[in-house]
1. Go through the range B:155-179 and count every residue that is buried (at least 19 other Cβ atoms within 10 Å of the Cβ) and under 17 Å from B:Thr112 (Cα atoms).
2. Can you find a residue that is assigned to a loop (DSSP other than H, G, I, E, B) and either within 11 Å of another protein chain (Cβ to nearest Cβ) or out of contact with any helix residue (DSSP H, G or I) (no Cβ under 7 Å at 6 or more places or on another chain) (or both) anywhere in the range B:252-273?
3. Name every residue in the range A:61-94 that is touching a Ser or Thr at 6+ places or on another chain (Cβ under 6 Å) and over 15 Å from A:Met154 (Cβ atoms), in order of residue number.
4. Any idea which residue in the range B:308-337 is farthest from B:Gly198 (Cα to Cα), counting only those that are without any contact (Cβ under 8 Å) to a residue 24 or more places away in the chain and assigned to a helix (DSSP H, G or I)?
5. Just a yes or no: is a residue in the range A:40-57 away from chain B (no Cβ under 14 Å), within 20 Å of A:Thr160 (Cβ to Cβ) and part of a strand (DSSP E or B)?
6. Would you confirm whether or not the range B:183-191 contains a residue that is of a type in the set (Asp, Glu) and either in a helix (DSSP H, G or I) or closer than 18 Å to B:Gly323 by Cβ (or both)?
7. I'm trying to understand the selection: among the residues of the range A:202-238, which are free of Cβ contacts under 8 Å to residues at least 12 places away in the same chain and hydrophobic (A, V, I, L, M, F, W, C)?
8. Return the total of residues in the range B:1-50 being more than 14 Å from chain A (Cβ to nearest Cβ) and surrounded by 17 or more Cβ atoms within 10 Å (Cβ to Cβ).
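The values are calculated or read from the model by the stated rules, or taken from the named source; none is laboratory data. Please read these numbers as outputs of a predicted model, since none were measured by experiment. Note: ideal-geometry Cβ built from the backbone for every residue, glycine included; neighbour counts use all protein chains shown.
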Amino acid sequence: MADEGLYAERVTLGYGDRPVVRELSVRIPPQKITVIVGPNACGKSTLLRGLARLLNPSHGQVVLDGTDLHRMSTRAVALRLGILPQQPVAPDGMRVADLVGRGRYPHHGFFDRWSDGDDDAVASALLATGTAELADRSVDELSGGQRQRVWIAMALAQRTGVLLLDEPTTFLDVTHQIEVLDLLTDLNRRDGVTLVLVLHDLNLAARYAHHLIVMRDGDLVAAGAPADVITERTVADVFGLASRVVPDPVSGTPMVVPIGRYHGGQPLIETPSAPLRAEKG
Amino acid sequence: MTTTLQGTKAKVSAVRRRSAGRTLGVLLILILIVAGLFCLALSTGAFPIPLSKVLDTLAGQGTRRDTFVIMDVRLPRVLCGLLAGAAFGLSGALFQSLVHNPLASPDVIGVTMGASAAAVTCTVVLGVVGAAVSVSAFAGALATAALIYLLAWRRGVTGYRLVLVGIGIGAVLGSIVSYLMSRADVTSAQQALVWLTGSLNARSYEHVWPLLVGFVILAPAALLLTNGLTVLRLGDETARGLGARVETLRLTILVVGVALAAFATAAAGPVPFVAFVAGPIARRLTGERGLALAPAALVGAIVMVASDLIAQHLLTDRALPVGVVTGAVGAPFLLWQLASANREGRGG
């Protein structure tokens with residue numbers, strides 16, 4: 001079996017004495033986009049933090065390119081694997097170019113000066129994320145979508161083969177969600193970056209993921225290609241939600257259409273167009 | 001449009017050079033002010049000595065009287081003020097940046113209060129004076145900082161907990177100081193009180209040397225920590241993801257900051273608010289982009305020596321301790337910072 005890539009082997013992860021993820025094994029396919037989905041508090045962010053070494057497993061191990069992640073130095077990890085936490089905050093007044101430059105931190109020793117190669121990495125990260133025009137702006141005056149792209153640029157300047165993102169689209173409107181996910185797909189296709197994302201939206205997850213990991217209550221429920229994993233049965237089991245799964249008319253990937261209490265069982269017809277006042281009378 | 005790699009690169013390095021250029025300009029101006037204050041402080045006093053003679057004397061060609069006044073009386077006082085001010089300023093800027101909170105300077109969170117408690121115990125209870133007071137002040141500052149750190153520790157140390165625990169410890173130590181003062185006899189109480197206000201009176205080389213050695217070691221260490229400190233400001237998780245050893249780094253920065261404050265307090269007493277105001281002023285001057293550690297050190301030195309000049313000559317015919325002036329200027333600044341920090345709901 002190849003030693004390349006990232007996988008977790010029977011990891012137990014948690015905070016204090018309370019395990020959130022128990023004895024979970026997952027494999028992250030190299031140079032693919034993996035998306036972790038599941039209901040709130042199912043441990044998906046915890047798993048991501050474990051994969052990024054922000055959290056030490058109490059049992060089991062996370063292996064990166066054949067080495068136990070927890071035997072590597074923080075810096076050695078940071079040279080191979082980048083992580084963008086949920087909702088990171090930049091200090092007041094920090095410039096975009098300066099923030100993106102922080103991605104070069106693991107590449108510098110204690111006494112190293114800023115080099116031409118660092119400028120190169122920052123510039124190409126800005127270009128890749130379409131944020132070159134913002135270089136001189138202050139991060140706190142950007143819109144949510146711009147800010148998220150700038151943070152992704154920082155992670156790109158780190159130049160790692162693996163990039164983990166915790167809910168990169170939360171709090172973005174739908175246009176910017178698509179923009180960020182398209183951007184990440186660009187990175188994957190062009191540079192072969194292995195991506196692991198935590199997402200809330202099942203339909204976007206199914207559309208953008210090569211590999212889907214479905215979790216519930218800290219356990220792995222299913223993993224595989226979205227077409228195999230997203231079924232009406234899985235959605236019912238994991239989310240407790242009755243739904244229809246139909247092919248996405250745009251991408252052909254599975255699309256979950258929730259049923260809910262008011263519309264279930266009724267044929268899918270156009271909604272009654274009777275004016276509201278008719279109900280009063 | 002800057003869509004090419006070369007164009008973007010040029011833009012990136014221009015952004016970097018512009019802020020570096022501004023910082024350099026600010027540094028040069030501050031250095032000039034420091035030099036000016038240095039000469040002014042050496043030339044003014046009970047025996048005014050003209051500037052040309054000051055320079056002659058520094059070059060070793062002064063009259064015997066001038067040499068005595070400048071080299072033995074004024075120079076140690078000015079050096080002590082400059083170094084202690086710079087150390088306070090640097091220490092304050094380190095704390096404030098680390099904790100993301102302009103209130104977190106060592107004089108607000110109880111570190112210098114620890115030095116005071118130890119020094120007053122020394123003076124009042126043990127009846128010791130001189131170098132032993134400085135040594136105990138130094139030890140008191142370090143011990144207090146360690147205590148604050150341990151009490152604030154809960155799987156790592158966060159900024160707000162550190163500030164709150166620090167303020168609490170400061171209050172306890174303050175009441176110890178008050179208790180000791182109320183029990184002390186008049187002579188030792190007066191000695192302790194002058195020390196407590198922070199004074200540069202009668203400083204000799206005995207005060208300057210330890211401070212100089214400490215500063216020469218710690219100031220470059222602080223500057224080397226700049227990159228790490230900047231990364232820590234992005235939040236613990238981001239910093240760890242970027243390869244920073246967060247807890248080690250934070251502890252190192254705290255130790256350097258505390259040691260700087262301890263050296264300064266041992267030499268000049270707990271001069272209030274110098275550490276507190278230096279960082280914000282320096283950040284404003286440099287455009288609030290970076291940490292402005294070196295400018296903060298220079299601003300601290302300027303505030304200290306300028307305050308000492310005012311305390312000695314401008315206010316009354318009787319010389320006041322420097323701490324009276326920094327306190328009078330710093331307290332309104334503290335109120336303003338508190339008000340604006342509350343309004344914005346965050347710290348700098």
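1. Selection size over the range B:155-179: 8.
2. no
3. A:Arg80, A:Gly93
4. Within the range B:308-337, the match that is farthest from B:Gly198 (Cα to Cα) is B:Trp336.
5. no
6. No, there is no match, as no residue in the range B:183-191 is of a type in the set (Asp, Glu) and either in a helix (DSSP H, G or I) or closer than 18 Å to B:Gly323 by Cβ (or both).
7. Within the range A:202-238, just A:Ala236 meets the criteria.
8. Number of matching residues: 11.
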